[in-house]
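Asks: There's a structure below that I have some questions on.
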2 protein chains.
Amino acid sequence: MSPEKRLAPYGDYSLQAAAERILTRHRDHIRTQKPHVAVAKLSKILEATLKLSNRQGFQAMSLRDLAEAAGLSMGGLYSYFDGKETLLVMILGEVSSAAETLLEAAPDDVRADPVAHLEWLIAMHVLLSEAMQPFFVFAYMEAKSFPAPARKRAIASEAATEAIFARVLAEGVARGVFKVDDPDFAAALIKPLLQDWYVKRPKYAKRGVSAEAYAAGVSDFILKALGAR
Amino acid sequence: MSPEKRLAPYGDYSLQAAAERILTRHRDHIRTQKPHVAVAKLSKILEATLKLSNRQGFQAMSLRDLAEAAGLSMGGLYSYFDGKETLLVMILGEVSSAAETLLEAAPDDVRADPVAHLEWLIAMHVLLSEAMQPFFVFAYMEAKSFPAPARKRAIASEAATEAIFARVLAEGVARGVFKVDDPDFAAALIKPLLQDWYVKRPKYAKRGVSAEAYAAGVSDFILKALGAR
DNA sequence: TGAAAAAACGAGCGAGCGCTCGATTTATTA
DNA sequence: TAATAAATCGAGCGCTCGCTCGTTTTTTCA
């Protein structure tokens, strides 16, 4: 099993694949005609944006620095987006789209068992945020500077994720597998544990904790807190 | 028992008190002579900085907007700091100083029992971050744009907090109260649960969860995960 | 009350920002 | 290979930024 396969079981989360999806989503605002040219340059732009933004913040990243890092001129950049804010929206859209698609994709046999379902959700979230780490860090750190509609969507997306967890927890409580007073509150506590993986990545890297090990450790911690172990 | 007393048992966490401590810490760089004038204006500056920064980010806050919000002129601001970055460092210093001081102040009878000590640490962290919420949000959100020395200190401060939790956990394991394979890993998972309180405050406010209720809920969740309940 | 000290003012500075657009290079095709 | 289309270039525009400093207002106290 290849590492990519293992880390991102459902879908292709490479930069190129992301660039292709973004190109499709914003085709009418991107002036460059030939898809292979557009995808290649867009990949470079995304890579450079994530690198510069995650170091100093999106706001502090100048388009001149971005142009140089991406190997384009100032004017060249504007063939791929119509303003700095659009670049932000492109990346955010890719993150929430990937998360929403993946977390709803649990196989039926997994859904059948609340414990298995919960473990699956945790593992998938950790592995997805591992495969798309710079994207997730970006979306998390820049959330407050999103334009209003994008911020609303981000909040809704986060609430939807939490609702998925809450549903699984409630189901487990109904079946007597989980012993929890307030499933909604417990669901609210799961999200920050998942976010810590990509937000504080250097900490875990320094300790040699892999994505799989983190997912297993967090699963164990949460299941014990839910009275399932 | 007054709410302030209940929420912040050790020390005064009002804006004025913070301004006084900051004035003491930066006396030689603040041009205004009379302490009561300096503290009053500094309070206004702090309040306005936290308000504007936590809405749009420190970098995006202009000093012209800050001056207006604080009731001073552009030139007037520079009697209180020698540059925008110093303002950031002032606030960061106040946060880490408050956290370090408080968390080391556990009474002996609390320290004697790992469960009580852990509960005390959780409650104090939640209540402190409640009393100084805008400060904590600021420090958390702007961490990546700190100047290098301040960032190092912030990371060290976070590691120190985690080490306190790890020590209590190890002690509990040694006494057979906690059943945990890896106390360091478990300690790493506690921090994000404490941070969620102030980072995602609107979420909990909407649900009517008070600081005390959050501290109790998180304590319960963690103690169950540690096998102590 | 009036002169000295303290505090606050705000127009103006150089720099860097996002963004534009006519000129130029590169790729395509008859 | 010449003509056309596609892609890229980068100096320049208007604007806002952090910051300065000579001036004005306020406070202090003999």
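Asks: Checking residue B:144 against (1) away from DNA strand D (no atom under 16 Å from the Cβ); (2) more than 14 Å from chain A (Cβ to nearest Cβ); (3) among the charged types (D, E, K, R), only one condition comes out false. Which one?
Replies: Every listed condition holds for residue B:144 apart from (2).
Asks: Quickly run through segment A:33-47 and pick out the residues that are away from DNA strand C (no atom under 13 Å from the Cβ) and open to solvent by 50 Å² or more (accessible area, probe 1.4 Å).
Replies: If the condition is that a residue be away from DNA strand C (no atom under 13 Å from the Cβ) and open to solvent by 50 Å² or more (accessible area, probe 1.4 Å), then A:44, A:47 are the ones that fit.
Asks: So is residue A:162 touching a residue at least 12 places away in the same chain (Cβ under 8 Å) and under 21 Å from the mean Cα position of the chain (by Cα) or not?
Replies: It is true that residue A:162 is touching a residue at least 12 places away in the same chain (Cβ under 8 Å) and under 21 Å from the mean Cα position of the chain (by Cα).
Asks: A further question follows. One residue is enough: does segment B:169-185 have a residue meeting the conditions at pLDDT below 95 and assigned to a loop (DSSP other than H, G, I, E, B)?
Replies: No, that holds for no residue.
Asks: Now, a different point. Which of the residues that make up segment A:137-153 are under 10 Å from residue A:95 (Cβ atoms) and open to solvent by 30 Å² or more (accessible area, probe 1.4 Å)?
Replies: A:140
Asks: Filter segment B:161-182 down to residues that are open to solvent by less than 50 Å² (accessible area, probe 1.4 Å) and out of contact with any helix residue (DSSP H, G or I) (no Cβ under 7 Å at 6 or more places or on another chain) and give me whichever is nearest to the other protein chains (Cβ to nearest Cβ).
Replies: B:163
Asks: For segment B:214-229, enumerate the residues that are within 19 Å of the chain's Cα centre (by Cα) and within 10 Å of another protein chain (Cβ to nearest Cβ).
Replies: B:214, B:218
For every residue, the table says whether it meets (1) away from every other protein chain (no Cβ under 14 Å); (2) open to solvent by 10 Å² or more (accessible area, probe 1.4 Å); (3) more than 8 Å from DNA strand C (Cβ to nearest atom); (4) assigned to a helix (DSSP H, G or I).
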| site | (1), (2), (3), (4) |
| --- | --- |
| A:61 | no, no, no, no |
| A:67 | yes, no, yes, yes |
| A:72 | yes, yes, yes, no |
| A:75 | yes, yes, no, yes |
| A:79 | yes, yes, yes, no |
| A:82 | yes, yes, no, no |
| A:92 | yes, yes, yes, yes |
| A:97 | yes, yes, yes, yes |
| A:100 | yes, yes, yes, yes |
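Asks: One residue is enough: does segment A:46-59 have a residue meeting the conditions in contact with a Leu (Cβ under 9 Å, 6 or more places away or on another chain), more than 16 Å from DNA strand D (Cβ to nearest atom) and either away from chain B (no Cβ under 14 Å) or polar (S, T, N, Q) (or both)?
Replies: Yes: one or more hits.
Asks: Still on this model: Scan segment B:186-211 residue by residue and report those that are in contact (Cβ under 8 Å) with a residue 12 or more places away in the chain, more than 9 Å from chain A (Cβ to nearest Cβ) and open to solvent by 20 Å² or more (accessible area, probe 1.4 Å).
Replies: Within segment B:186-211, B:201 is the sole residue that qualifies.
Asks: Moving to a separate point now. Checking residue A:88 against (1) within 14 Å of chain B (Cβ to nearest Cβ); (2) more than 12 Å from DNA strand D (Cβ to nearest atom); (3) without any contact (Cβ under 8 Å) to a residue 40 or more places away in the chain, which single condition isn't satisfied?
Replies: (3)
The values are calculated or read from the model by the stated rules, or taken from the named source; none is laboratory data. What you are looking at is a predicted structure, and each value in this text was computed from that prediction instead of being measured. Ideal geometry is used to build each Cβ from the backbone, glycine not excepted, and the neighbour counts take in all protein chains shown. Heavy atoms of the whole protein, side chains included, go into the accessibility calculation; ligands, DNA and RNA do not. Shrake-Rupley method; radii C 1.70, N 1.55, O 1.52, S 1.80 Å.
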